Amino acid sequence: MTIARGIRTPIMHRIDTAKGYAFVGGTIADDTTLPMGGQTEQILAKIDGYLAEAGTDRTKLVSASIFVTDLSKKKEMDAAWTAWLAPENLPARATVGVADLGGGALVEIVVTALQA
Amino acid sequence: MTIARGIRTPIMHRIDTAKGYAFVGGTIADDTTLPMGGQTEQILAKIDGYLAEAGTDRTKLVSASIFVTDLSKKKEMDAAWTAWLAPENLPARATVGVADLGGGALVEIVVTALQA
Amino acid sequence: MTIARGIRTPIMHRIDTAKGYAFVGGTIADDTTLPMGGQTEQILAKIDGYLAEAGTDRTKLVSASIFVTDLSKKKEMDAAWTAWLAPENLPARATVGVADLGGGALVEIVVTALQA
């Protein structure tokens with residue numbers, strides 16, 4: 001059994017694929033001065049790129065974990081989320097308000113997808 | 001490869017099944033005025049329903065993530081958890097104290113199960 | 001379909017295996033008086049043991065979630081992490097700063113691996 005690992009950083013691979021699944025690491029926005037909605041849009045665009053690296057796409061998500069630093073702004077994140085995904089493709093999702101995501105990051109998203 | 005998605009909400013499907021796994025989204029209690037034990041019982045009853053939707057049940061859990069807002073009340077949650085699961089069916093589990101789960105939610109649970 | 005469960009505690013099995021995957025529960029250090037780097041080293045040694053129980057090892061990780069109580073000390077955790085894993089074996093990873101991990105725990109790690 002092999003694991004295909006893509007896009008190496010000093011501490012992780014952004015995406016691992018094995019046994020038909022693609023595991024994407026926690027993704028934050030590049031510009032953490034943006035408000036939560038804009039950060040979410042940046043994250044989702046990055047995730048599109050990571051999924052493409054594994055030959056899959058946003059229609060194949062099976063689960064998502066979303067960590068936010070301020071749950072009172074959840075609606076902004078949800079708006080970017082639902083603009084990104086057709087209703088029939090929404091995965092199982094958990095949303096959790098956490099203490100700190102580093103720098104000015106307001107949201108971090110982790111997803112798992114099928115490969116094909 | 002197909003993903004079967006069940007119980008759509010505006011932002012997620014409560015349960016996705018694919019390749020023999022069932023992924024359940026983050027679940028909180030309906031009555032968030034209850035103490036942590038009572039909230040946990042409500043969550044576990046909801047998860048029973050979601051798992052049934054995918055033709056599986058609580059004996060088939062492979063992993064669980066439990067987010068709580070007050071770790072000092074963890075024993076209450078654990079009591080509801082161990083009342084729900086026979087010892088031989090306890091899955092791998094992580095418990096994390098987080099800043100905020102929205103409204104009065106004191107606990108949120110995410111599980112993954114085998115389908116059959 | 002069977003699930004093999006290993007190392008039972010009162011609230012979980014430390015490791016579940018099913019369909020070629022090994023799911024390891026959230027792991028904290030035994031000595032929570034250590035600084036974040038030392039706690040991380042203890043956790044990774046414990047994870048080595050859990051993975052061995054399932055006939056797999058640290059080269060087969062597909063994803064990791066790392067919860068820390070003080071993100072300003074993340075570099076200490078990262079140093080232990082990258083000392084433990086060869087660059088080519090780094091999995092997809094999420095790191096999240098949370099409110100509380102219980103006792104003096106500064107870091108908790110959850111991993112999923114392929115079995116073989």
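Derivation of every value follows stated rules applied to the coordinates shown; laboratory data play no part. As the structure is a computational prediction, the values presented were derived from the model and not from experiment. Cβ placement follows ideal geometry from the backbone for every residue including glycine, while neighbour counts extend to all protein chains displayed.
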From the Cα centre of the stretch C:32-50 to that of the stretch B:78-114, the distance in Å is 23
Here the whole-number average of other chain Cβ atoms within 10 Å per Cβ of C:21-28 is 5
In degrees, nearest 10, the alpha-carbon axis of helix A:74-84 is tilted away from the dominant principal axis of the alpha carbons of chain A by 40
Here the stretch C:101-106 yields Karplus 3J(HN,Hα) values (6.51, -1.76, 1.60; θ = phi - 60°; whole Hz; Gly and Pro given as x) of 10, x, x, x, 4, 9
Once the dipole of the protein assembly as shown is set up from charges on Cβ (+1 Lys and Arg, -1 Asp and Glu), the residue from the list C:F67, B:S63, B:I11 lying farthest towards its positive end is B:S63
Toy charge model, Lys and Arg Cβ at +1, Asp and Glu Cβ at -1: chain A dipole around Cα centroid in debye, rounded to 20, equals 340
The set of residues whose placed amide H lies less than 5 Å from the amide H of C:Y21, leaving out same-chain residues fewer than 5 positions away, is C:Q115
Computed ³J(HN,Hα) along the stretch B:52-58: with the Karplus parameters 6.51/-1.76/1.60, θ = phi - 60°, integer Hz and x for glycine or proline, the list is 4, 4, 9, x, 10, 7, 5
Here the correct list, in nm and shortest first, of distances from B:P87 to the same site in the other copies, label points 7 Å along Cα→Cβ, is 4.8, 4.8
Once phi for every residue in the stretch C:23-30 is put through the Karplus expression 6.51 cos²θ - 1.76 cosθ + 1.60 (θ = phi - 60°), the whole-Hz ³J(HN,Hα) values, with Gly and Pro written as x, are 9, 9, x, x, 10, 10, 6, 6
Sorting from shortest, the nanometre distances separating the label point of C:G6 (7 Å past Cα along the line to Cβ) from those of the same residue in the other copies are 3.1, 3.1
extent check for the stretch C:4-114: Cα max minus min per principal axis, descending, whole Å, gives 38, 36, 19
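How big is the charge dipole of the stretch C:1-69 about its Cα centre, in debye rounded to the nearest 20, if each Lys and Arg gets +1 on its Cβ and each Asp and Glu gets -1 on its Cβ?
The dipole of the stretch C:1-69 has a size of about 300 debye.
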With +1 on the Cβ of every Lys and Arg and -1 on the Cβ of every Asp and Glu, the dipole magnitude of the protein assembly as shown about its Cα centre, in debye rounded to the nearest 20, is 760
Shortest first and in nm, the label-point separations between C:T33 and its counterparts in the other identical copies (7 Å out along Cα→Cβ) come to 4.6, 4.7
Between A:I11 and residues 5 or more places away or on another chain, the pairs with built amide H atoms under 5 Å apart involve none
Non-local residues with an amide H under 5 Å from the amide H of A:G26, with H modelled 1.01 Å from N and Pro and chain starts lacking one, are C:R93, C:A94, C:T95
With a Förster distance of 22 angstrom and the Cβ-Cβ distance between A:K19 and C:A52, calculated FRET efficiency to the nearest 0.05 equals 0.60
